[in-house]
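What follows is one structure encoded as structure tokens, with my remarks underneath.
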Amino acid sequence: MLPKDHRLRFSQDFAATVRSGTRTGRRNVVLYARLRTFGADEPTRFGFIVSKAVGNAVHRNLVKRRFRALAAEVIATGPVGLDIVIRALPGAAEQDWSELGKQVNSALGSAVRKAGGTDDSVNG
């Protein structure tokens, strides 16, 4: 579980990030990133969208656990002051850990650059 201050918890935050954030897609994920204007010192927050199209509850929870682990890695070394939403596409459950990580990191690097983030520790 991500710490409370690193989670998007309200539907307004999800909606604002998806509607006004930059969008970057890969084969099995779509990533939205939005630079928060009220504080660059604020922690990066993550939200995940994993619909029933991904698979049954076991597969959806597996994808969410993988996304949380990837988010924890980004929080430890990555940019600050961003809201990030990761949407799983139907093929995400069939991907192995390393391939899903490559796709998320690639999309994250691209989205951070588009959103105006300046952290070089994100691989992309």
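The values are calculated or read from the model by the stated rules, or taken from the named source; none is laboratory data. Remember, predicted model here, so these are calculated numbers, not experimental data. Methodologically, a virtual Cβ is constructed for each residue, glycine included, from the backbone with ideal geometry; neighbour enumeration extends over all protein chains shown. Just the protein is used for accessible areas: all its heavy atoms, side chains included, with ligands, DNA and RNA removed. Shrake-Rupley method; radii C 1.70, N 1.55, O 1.52, S 1.80 Å.
Some observations on this one:
- Of the residues making up the stretch 28-63, those that are of a type outside the set (S, T, N, Q), at pLDDT 95 or above and more than 22 Å from Ser110 (Cα to Cα) are Lys52, Ala53, Val54, Gly55, Ala57, Val58, His59, Arg60, Leu62.
- Being under 21 Å from Ala16 (Cα atoms) and surrounded by fewer than 21 Cβ atoms within 10 Å (Cβ to Cβ) is a property that does not hold for Val85.
- Within the stretch 79-115, the set of residues being in a strand (DSSP E or B), of a type in the set (A, V, I, L, M, F, W, C) and touching a residue at least 60 places away in the same chain (Cβ under 8 Å) comprises Ile84, Val85, Ala88.
- Filter result (hydrophobic (A, V, I, L, M, F, W, C) and either modelled with pLDDT of 85 or more or surrounded by fewer than 19 Cβ atoms within 10 Å (Cβ to Cβ) (or both)) within the stretch 101-121: Val104, Ala107, Leu108, Ala111, Val112
- The set of residues in the stretch 37-56 being of a type outside the set (Lys, Arg) and open to solvent by less than 50 Å² (accessible area, probe 1.4 Å) consists of Gly39, Pro43, Thr44, Phe46, Gly47, Phe48, Ile49, Val50, Val54, Gly55.
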